[in-house]
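Engineer: Right, I'll just put the structure down here and ask away after.
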Amino acid sequence: MRPGLLVFLGLAGCADVLGLDGYGDAGSDAAFDAGLDVHVTTDAAADVQTKDAGPCVPTGPEVCSDGVDNDCNGQTDCTDAACTAGYACVPPLPGGWSWAAYDQGARPGCASGFTNPTDVGEGLVAPASTCGCGCTTTSPSCATGNVAITAGTTGSNGCQDQSNQGTSAAGGCQSLSPAMNPVGWKVNAIGPIPSGGSCAAVPAVSKPAVSTTYQGRTCGFAGNVGAGCGGSGVCAPKAAPFTMCTVQTGDVACPAGFAVKHLAGSVVADARSCSACTCAFSPGVCGGTLTLDGDMSCTLNAAPVLVNGTCQSVPNTSYLGYTYAPQTNASCTGSAVAATGSAAFSDLQTICCTN
């Protein structure tokens with residue numbers, strides 16, 4: 001080999017190592033054209049790439065959520081030791097879902113990178129309403145119409161064979177016409193037909209307190225996720241003490257990879273109530289007491305007779321007047337009632353977690 005050729009090859013090798021502009025590619029091509037065996041080596045430990053791929057230029061410490069080998073150590077995101085403590089591989093975010101961190105039974109502060117803490121409850125406990133139906137009764141009037149008064153012996157037709165008259169049921173002292181002389185007789189009095197009266201329904205609705213089996217908290221996450229995970233997994237920040245989850249409004253099926261389902265919310269819409277309370281009115285009868293008197297001023301020889309349709313003994317004397325003190329047994333009966341409606345979260349959301 002000629003001495004000049006040796007110098008040429010030496011310069012060509014230096015050009016590749018030193019990166020001399022304008023020389024490396026042309027010199028190599030010329031050497032290959034001459035049929036010479038020229039080798040270009042790289043330092044694998046330092047990850048120095050070949051001239052065709054370009055060198056890896058470190059940009060700083062590893063960023064665990066950008067899919068880039070920032071520190072040029074051949075490890076990206078979750079495969080890099082720098083990400084072990086704060087990141088973990090999770091399934092990818094399904095379409096239509098959002099990232100969330102969830103703690104079912106506690107309300108600690110959100111982990112680093114997570115925001116918007118929201119207190120929620122899970123396992124709504126809302127017992128049915130306790131129902132009742134009462135009534136307020138307005139009694140009918142017994143002051144209209146007549147009191148039927150009969151007197152006589154107690155034969156087959158009752159005590160009415162000697163006297164039979166209808167007298168006013170109005171209040172105050174009233175005159176008997178004709179006067180009654182029940183010597184050995186008995187007297188029977190029947191009140192007028194009741195007039196008016198009504199019922200007012202008094203419903204009773206009691207709603208037991210609403211509670212939840214669990215009192216937890218969610219935190220939102222809108223940051224980036226990285227690579228370095230097997231399959232389609234992504235490198236996401238660890239949510240501890242929370243669990244990394246996905247969330248969607250309503251009650252929906254959980255997506256693949258997030259099998260643990262929670263139904264939670266923070267606002268309760270309480271539609272618990274009772275069926276309608278109504279009252280049935282029974283006017284009853286007009287009873288009370290008819291007091292017979294020996295004068296027309298109702299001050300002499302008073303003889304009370306119950307107004308109940310039975311024959312009753314009175315003293316043997318002449319009766320010219322009477323007073324009527326009515327009573328009624330009107331009543332109202334409340335209807336049967338049952339619990340209706342339920343309570344539910346108006347902002348119900350499905351939270352699906354990895355564990």
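What follows is calculated from the coordinates using simple rules that are stated; it is not laboratory data. Just so it is clear, the model here is predicted, and its values are computed rather than measured. Reconstructed Cβ throughout: ideal geometry from the backbone, glycine too, with neighbour counts over all protein chains shown.
Engineer: Would you tally the net charge around Ala209, using a Cβ to Cβ cut-off of less than 13 Å, leaving Ala209 out, and scoring K and R as +1, D and E as -1?
Structural biologist: Cβ neighbours under 13 Å give a net charge of +1.
Engineer: Here is a further query. Starting from the Cα of Asp347, step 7 Å along the direction of its Cβ; do the same at Gln165; then give the gap between the two resulting points in nm.
Structural biologist: 8.2 nm
Engineer: If each residue's Cβ is checked for other Cβ atoms within 10 Å, how do Val202, Val57, Val305 rank with the fewest at the top?
Structural biologist: Sorted ascending by nearby Cβ count, the order is Val57, Val202, Val305.
Engineer: Let me check against my output: what whole-number percent is the relative contact order of the range 201-355, with C-alpha pairs under 8 Å and at least 6 apart?
Structural biologist: Relative contact order for the range 201-355 comes out at 35 percent.
Engineer: Calculate, for Ala85 and Ala271, the FRET efficiency according to 1/(1 + (r/R0)^6) with r their C-beta to C-beta distance and R0 56 Å; round to the nearest 0.05.
Structural biologist: Computed FRET efficiency for Ala85 and Ala271 comes out at 0.70.
Engineer: Between Ser198 and Asp119, what FRET efficiency follows from the Cβ-Cβ distance if R0 is 45 Å, with the result rounded to 0.05?
Structural biologist: Efficiency, from the Cβ-Cβ distance: 0.35.
Engineer: At 0.36 nm per residue, and after removing the present C-alpha to C-alpha distance, how many nm does the segment from Thr354 to Ser112 gain when stretched out fully?
Structural biologist: Residue separation times 0.36 nm, minus the Cα-Cα distance, leaves 85.2 nm.
Engineer: Find how many whole Å separate the alpha carbon centroid of the range 264-304 from the alpha carbon centroid of the range 311-355.
Structural biologist: Spelled out, the Cα-based centre of one part sits 10 Å from the other.
Engineer: In the range 220-355, what is the volume of the convex hull around the alpha carbon atoms, normalised per residue and reported in Å³?
Structural biologist: Value for the range 220-355: 225 Å³ per residue.
Engineer: If you place +1 on the Cβ of every Lys and Arg and -1 on the Cβ of every Asp and Glu, how big does the dipole about the Cα centre of the range 49-131 come out, in debye to the nearest 20?
Structural biologist: Roughly 220 debye, rounded to the nearest 20.
Engineer: Express in nm, to one decimal, how much length is gained between Thr213 and Ala179 on full extension, taking 0.36 nm for each residue of separation and deducting their alpha carbon distance.
Structural biologist: 4.1 nm
Engineer: Now for a different question. Computed FRET efficiency, Cβ-Cβ of Gln327 and Asp295, R0 25 Å: what is it to the nearest 0.05?
Structural biologist: Efficiency, rounded to the nearest 0.05: 0.50.
Engineer: Could you give the length gained by full extension between Ser232 and Ser206, i.e. 0.36 nm per residue of separation minus their alpha carbon distance, to one decimal place?
Structural biologist: Value of the extension gain: 4.0 nm.
Engineer: For the range 77-228, what does the relative contact order come out to in percent, with C-alpha contacts under 8 Å and a separation of six or more?
Structural biologist: Relative contact order here is 41 percent.
Engineer: Would you mind ranking Cys159, Cys131, Cys142 so that the residue whose beta carbon has the fewest other beta carbons within 10 Å leads the list?
Structural biologist: Ordered from fewest to most neighbouring Cβ atoms within 10 Å, Cys159, Cys131, Cys142 come out as Cys131, Cys159, Cys142.
Engineer: Ok, one more. Relative contact order for the range 159-255: what is it in percent, counting Cα pairs under 8 Å that are at least 6 residues apart?
Structural biologist: 15 percent
Engineer: Taking other Cβ within 10 Å of each residue's Cβ, how do Ser335, Ser177 sort, fewest first?
Structural biologist: Ser177, Ser335
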